[in-house]
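Taking it in order: structure first as structure tokens, then the write-up.
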Amino acid sequence: FIFFFLLLTLSPKPLQFSPKSSSETETDPSSPRSTMSKQTYRVCFCFRRRFRLAVAEAPDEIRGFFNRYSENGLMSADHLRRFLVEVQKQENATLEDAQAAINSLQELKHLNILHHHRGQSLNLETFFKYLFGDINPPIDLKRGVQQDMTAPLSHYFIYTGHNSYLTGNQLSSDCSDVPIIQALQRGVRVIELDIWPNSNKDGIEVLHGRTLTTPVELIKCLRSIKEHAFTASDYPVVITLEDHLTPDLQAKVAEMVTQTFGDILFCPDSDCLKEFPSPESLKKRIIISTKPPKEYMSAAVPKDAQEGDSQNGKTASDEEAWGKEVPHLEGPASGNDKEDEDDDEEDPDEGVNRFQKSLAPEYRRLIAIHAGKPKGGMDECLKVDPEKVRRLSLSEQQLEKVAEDRGTDIVRFTQRNILRVYPKGTRITSSNYNPLIGWMHGAQMVAFNMQGFGRSLWLMHGMFKSNGGCGYVKKPDFLLKSGPNNEVFDPRATLPVKTTLKVRIYMGEGWYYDFRHTHFDQYSPPDFYTRVGIAGVPADVVMKKTKTIEDNWIPVWNEEFEFQLTVPELALLRLEVHEYDMSEKDDFGGQTVLPVSEIQSGIRAVPLHDREGKKYNNVKLLVHFDFV
């Protein structure tokens, strides 16, 4: 009792004894949103703490903007248009756009749109709700695809999955078509399938070889791909096959693929492409990419060694759902590289192996993007052939190692050819790595475990919010062009600051509606703070944080952060909200990642997402973005 008495008397908040239950609140019916005004928490069986709960109010700076762009307390459509042009930097905003914004607010019954002789107008409350509403996002996804889609596939970053059929960890989870469907619905454009003979050697299954994963039939995966391939995007889906089949089973695969996809299957006219076709020319097409099967070659290498999927060693350091930070890109590659050193794939076009010569011809004709590593080490791997293009696969560790002294060779290779990067084998919990290691070297297919939720995957989600979420993002020009002396972008070079991004975090709201009232703290409202920072090239990487606002469901920070960016084209803005806990690990309160190149200037409502990347119904931040 002494402890609880001190807790009550020393609390910085006004406290009252109350007979109400710990979850009971009082509401103020006169509030336009019926926002709760008081909330009571149970401290022990006889004491309760009651807190006054603030209503979301416009920060002083928002009030200032309203006063500047209104007259007699009313903002007309013309006033709003000026605000959109001058503050929101929407230079092409019209009077019709402003009127449409006002009209959209009429659908919200609790808001009062005022009418007078100059037409409909906003007062301060409705202006604030407009800024903090869903119709004012930081990225305008409604614009759709904005980039040129007529360049070769090698000119794009492509939303890529790894072991797309796994429901969980790499060692013992079920194989299913469900994660494939979920990936396609999110916009993933590259699906990986490992195909093996079934137990009777007369059929084909999809599973992670030499593990305890339970298989799923190949035909089921193919049918699901066909059904869901273009629900999120019309641009092509690439199926990468890790092939462990005999020629007779390859012929069965060819028949399955041909019958399932029919006319939407892209089959090239020649055995090797001189240049990859464009995403635009391949709309609503399925593309097959694979390499010669190793299982039946004289020098067979199991996939666990080929792709660094050995189950030996400790799990990766960033496997927690959200608590571990994204690994830095600086310094030499860490961990055991032995598992990747034996990845000595044959060139599929050499035809020197007798098993390769027996490759089923109908199967070979389906392969549009040829994959494989030529003999001769990394010199041959990164050699650019002007007569044909191909796909090369490297593990994250191999890429880090090669990038230490051959970064420009990788960039030059990826200007014409496709580089796929995949997770190291010790990531048995399906964690992921820092995708920037691939993107800054021009790698098109940075393959991720889409079920491996965490900060690395949040970066992947953020990158592919670009370009209307179509799954293809045009690489920056500096990764595609060579200089007068054939020089290319050097990922390790020190570059001057190109632009500065200012981010002012005003406030946040919505947790009260999306979480239980005791989710964050049993005895008081939450203590929120925001982490804000940049993921990008090493020189641009930084994380900062706001102060902690105690005991408030609607925290107001009003803090500004400045980020100097040397490569803004690859920069991603990270926003995370956490709830401070003195005695335990801080609680998670939401996150989002935004591509800096697509952020709209001005005051924006930024919706937050859960650990799995699903948008909360109500949780959002009010943020002012400014580029200088």
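The values are calculated or read from the model by the stated rules, or taken from the named source; none is laboratory data. Bear in mind that the values here come from a model prediction, so they are computed numbers and not experimental data. Every residue, glycine as well, gets a Cβ built from its backbone with ideal geometry; the counts of neighbours run over all protein chains shown. In case anyone asks, the SASA skips ligands and DNA or RNA and just uses the protein heavy atoms, side chains included. Shrake-Rupley method; radii C 1.70, N 1.55, O 1.52, S 1.80 Å.
Here are the numbers for the structure shown:
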read-out: Percent RCO, i.e. relative contact order, over the range 105-235, from Cα pairs under 8 Å lying at least 6 residues apart; value: 19
read-out: Highest-first arrangement of 518-529, 236-247, 432-443, where packing means the average Cβ count within 10 Å; value: 432-443, 236-247, 518-529
read-out: Vicinal HN-Hα couplings computed from phi for the range 378-395 (Karplus, 6.51 cos²θ - 1.76 cosθ + 1.60; Hz; Gly/Pro x); value: 5, 4, 6, 4, 9, 6, 9, 9, x, 9, 7, 10, 7, 10, 10, 10, 9, 6
read-out: Backbone HN-Hα couplings from phi across the range 428-437 [Karplus 6.51/-1.76/1.60, Hz, Gly and Pro as x]; value: 6, 8, 6, 6, 9, 10, 7, x, 5, 4
read-out: Long-range HN-HN contacts of GLY203 with modeled amide H, under 5 Å; value: ASN198
read-out: HIS328-GLU61 FRET efficiency (beta carbon distance; Förster radius 35 Å; 0.05 resolution); value: 0.50
read-out: The range 360-429: relative contact order as a whole-number percent, Cα under 8 Å and 6+ apart; value: 34
read-out: Cα shape, the range 453-531, gyration tensor, a/c 1.5 rule; value: prolate
read-out: Probe 1.4 Å, protein heavy atoms only - accessible area per residue of the range 362-485 in square angstrom; value: 27
read-out: Peptide ranges 452-465, 278-291 listed from the most packed, as the mean C-beta count within 10 angstrom indicates; value: 452-465, 278-291
read-out: Rounded to the nearest 20 debye, dipole of the range 425-529 from Cβ charges on Lys, Arg, Asp, Glu; value: 300
read-out: Whole-angstrom gap from the range 563-603 to the range 60-107, using each part's C-alpha centre; value: 27
read-out: Members of LYS220/LYS424; LYS226/LYS481; LYS220/LYS252 lying beyond 24 Å, as alpha-carbon distances in this model show; value: LYS220/LYS424; LYS226/LYS481
read-out: Tensor-based shape of the range 489-626 (alpha-carbon gyration tensor, a/c under 1.5 rounded, otherwise prolate or oblate); value: prolate
read-out: Highest average packing first - 579-587, 594-602, 565-573, Cβ atoms within 10 Å; value: 565-573, 594-602, 579-587
read-out: Accessible-area composition of the range 530-628, carbon plus sulfur, in percent [1.4 Å probe]; value: 44
read-out: J(HN,Hα) series, the range 198-204, from Karplus relation 6.51 cos²θ - 1.76 cosθ + 1.60, nearest Hz, glycine and proline x; value: 6, 5, 8, 6, 10, x, 10
read-out: Cα centroid separation, the range 493-548 to the range 389-455 (Å); value: 28
read-out: Sequence-distant residues sharing a close amide H with GLU509 (under 5 Å, placed H); value: LYS620
read-out: Expected-Rg normalisation [2.2 N^0.38 Å, Cα atoms] applied to the range 512-564; value: 1.47
read-out: Length-normalised contact order of the range 517-628 in % [C-alpha pairs under 8 Å, at least 6 apart]; value: 21
